[in-house]
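Below: one structure, written as structure tokens.
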Amino acid sequence: MKSIAHLFSALLAVSAVAGCSSYKPAPEAFHKVLNEPYRLGAGDRVRVTVFEQEGLSNTYNVDQSGYLAFPLVGAIPARGHTAQQLEATIANKLSQGYLRSPDVTVEIDRYRPIFVMGEVGASGQYSYVPGLTVQKAVAIAGGYTPRANQESVDITRDINGKVITGRVRTSDPLLPGDTIYVRERLF
């Protein structure tokens, strides 16, 4: 009876440790958004070029409300829109009494920042660049601390207005605005 109790205790301890350190993949929507066109958000800066209109061609910030303040036409909604959708919206607004057949292009000049927290050398806000992975972001943030879990991290991401947190491997790509949390390992 005593050996069964020891065996049961050992199995319970092993399953508890395995359960705490196991990898649980992020929801499907978490990775699906990586293959969709980039959607603008607060903190992004775009370069708008209006052909033959130097006074309108400039860089503009998407404000905290998700709008772009554009000359002549005022506030234009940008949050959740692609660069191509924003081009069409600006061209449409300018064609309503300001310009005849405006030719507008929109390019992303600067992406909104990412945030790295937890068991890293220097938690904080960092610039996003295309191709950034969790591993590269951790390196930018001063690397892992000795207590860091280096297998997977938690990422909080805004997907179509819904904030989702998922656990991913360190090789996973990041998106602008992501918050990375490096957890402490158990042993």
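The values are calculated or read from the model by the stated rules, or taken from the named source; none is laboratory data. What you are looking at is a predicted structure, and each value in this text was computed from that prediction instead of being measured. Glycine gets a Cβ as well: all are built from the backbone with ideal geometry, and neighbour counts include every protein chain shown.
Do we have any residue at all in the range 164-178 that's touching a residue at least 40 places away in the same chain (Cβ under 8 Å) and farther than 21 Å from VAL33 by Cβ?
Taking every residue of the range 164-178 in turn, none turns out to be touching a residue at least 40 places away in the same chain (Cβ under 8 Å) and farther than 21 Å from VAL33 by Cβ.
Here is a check on your reading of the model: is THR89 farther than 20 Å from GLU36 by Cβ, surrounded by 13 or more Cβ atoms within 10 Å (Cβ to Cβ), at pLDDT 95 or above and more than 16 Å from the chain's Cα centre (by Cα)? Don't jump to the end; show me each part of the working.
Numbers: farther than 20 Å from GLU36 by Cβ: no; surrounded by 13 or more Cβ atoms within 10 Å (Cβ to Cβ): yes; at pLDDT 95 or above: yes; more than 16 Å from the chain's Cα centre (by Cα): yes.
Answer is no for this residue.
State which residue pairs qualify: first residue in contact (Cβ under 8 Å) with a residue 12 or more places away in the chain and inside the range 30-44, second residue surrounded by 11 or more Cβ atoms within 10 Å (Cβ to Cβ) and charged (D, E, K, R) in any location, beta carbons under 6 Å apart, and separation of 6 or more residues or different chains.
Hits for this filter: GLY41/ARG79; GLY41/ARG112; GLY43/ARG112; ASP44/ARG112.
Just for strands (runs of 3 or more DSSP E) wholly inside the range 49-157: which have at least 2 residues that are out of contact with any Gly (no Cβ under 6 Å at 6 or more places or on another chain) and β-branched (Val, Ile, Thr)? Give the derivation first.
On the way: elements: 58-61, 67-70, 74-77, 104-110, 114-118, 124-126.
The strands (runs of 3 or more DSSP E) meeting that bar are 104-110, 114-118.
Spot the failing condition for ASN160; the list is (1) over 29 Å from GLY74 (Cα atoms); (2) within 15 Å of the chain's Cα centre (by Cα); (3) exposed (fewer than 14 other Cβ atoms within 10 Å of the Cβ), and only one is missed.
(1)
To keep it simple, each residue is scored yes or no on (1) modelled with pLDDT of 85 or more; (2) part of a helix (DSSP H, G or I); (3) over 16 Å from the mean Cα position of the chain (by Cα).
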site: SER3; (1), (2), (3): no, yes, yes
site: SER15; (1), (2), (3): no, yes, yes
site: CYS20; (1), (2), (3): no, yes, yes
site: PHE30; (1), (2), (3): no, yes, no
site: LEU34; (1), (2), (3): yes, yes, no
site: PRO37; (1), (2), (3): yes, no, no
site: GLY43; (1), (2), (3): yes, no, no
